[in-house]
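Read the figures in this text as sums done on the coordinates, not as results from a lab. Here the structure is a predicted model, which is why all the values come from computation and not from measurement. Here the Cβ positions follow ideal geometry from the backbone for every residue, glycine too, while neighbour counts run over all protein chains shown.
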Amino acid sequence: MITKNLEVPKRALAIGAHPDDIEFGAGATLAKWSDHGCEVSMLICTDGSKGTWNSDIDKGELITKRKSEQISAAVELKATGKVAFLGEVDGELEISENLRKRLTLFIRNLRPNVVLTHDPWKRYRLHPDHRNVGYMVLDAIVAARDPLFFPEQNVAPHRPDELLLFEAELEDHFEQCDGYENSKLNALLCHQSQLESTMGIGSASIDADTAAFKKHELSKLDRSYAGEEFSVAEAYKRISEL
């Protein structure tokens, strides 16, 4: 069954592997919800330290820059909640009990109605961080809801109402985002360190490349499913039985 447009949640938590992943997967949705009173929080799991083609770059400076870019992107989306960074090493995030515990604590503390993250079951997904973050968030949701997981945290259990997986293998939920496409694009372009490596925007042809990038991203929002047209929409796999 295809669904669309959840009731705007009171609180939403988007969890991404790297700075910019959330904006690519759910930027317009989060901008819409923020505009309608939702407290949107973002949790970035890795430090983004490998997000460059420049082998001579200072990693510490890159990490600092990517944090700053993520905070700027959150401002573009009008996110009023927490922007947090777990600091796992980019490209080396592994499934572990410690990471599950850290994610569980965030979910219990922030108490989101909706959690958004990567679809770990996406076929042929190359980046291990995307797969592993997706799996870890699923495991953390189970732990966060049940009181006998990590009782030493001394935080009440919390069960989110909905889980939305972005860049999903099987899409069955759409969030119509008419009027919020530019918020998504502007948030993405806050990630200046990623213009060349991720967005294909080179310094020699920045205007043309930026226009091409925007056109490509907008085309991904033009959806048609089961005979219904969505001119501007982000698609997800929706899991409600949590």
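Using a 10 Å cut-off around each Cβ, can you sort TYR236, TYR180 from fewest to most neighbouring Cβ atoms?
Working: TYR236 26, TYR180 23.
With the fewest neighbours first, TYR236, TYR180 line up as TYR180, TYR236.
Would you list which lysines come within 21 Å of LYS59, measuring only between C-alpha atoms, while excluding same-chain residues fewer than 8 positions from it? Hits, sequence-local ones excluded: LYS50, LYS67. Between GLU229 and GLU169, the modelled label-to-label distance comes to 3.2 nm, taking each label 7 Å out from Cα in the direction of the beta carbon. For a label point 7 angstrom out from the Cα of ILE57 toward its Cβ, which stretches of segment 15-30 have the backbone nitrogen within less than 15 Å? Answer for this model: 18-21.
Straight-line cross-link reach from LYS220 at under 14 Å between alpha-carbon atoms covers these aspartates and glutamates, not counting any fewer than eight positions away in the same chain: GLU23, GLU167, GLU171, GLU175, ASP178, GLU181, GLU229, GLU234.
Select from segment 54-101 those GluC sites (Glu not before Pro) which occupy a DSSP coil region and have at most 14 other Cβ atoms within 10 Å, ordered by residue number. Sparse-neighbourhood loop GluC sites (Glu not before Pro): GLU92, GLU94. Given the pairs LYS10/LYS78; LYS4/LYS65; LYS65/LYS184, which span a C-alpha to C-alpha distance of over 26 angstrom in this model? In this structure, LYS4/LYS65 lie more than 26 Å apart at Cα. As a proxy for reagent exposure, LYS184, LYS4 were ordered by neighbouring Cβ count within 10 angstrom, fewest first; the result is LYS4, LYS184.
Using 0.36 nm per residue and subtracting the Cα-Cα separation, the extra length available between LYS220 and GLU241 on full extension is 4.8 nm. Residues SER72, SER203, ranked from the fewest to the most other C-beta atoms within 10 Å, line up as SER203, SER72. With a Förster radius of 35 Å applied to the beta-carbon distance between LYS50 and GLN153, the computed FRET efficiency rounds to 0.70.
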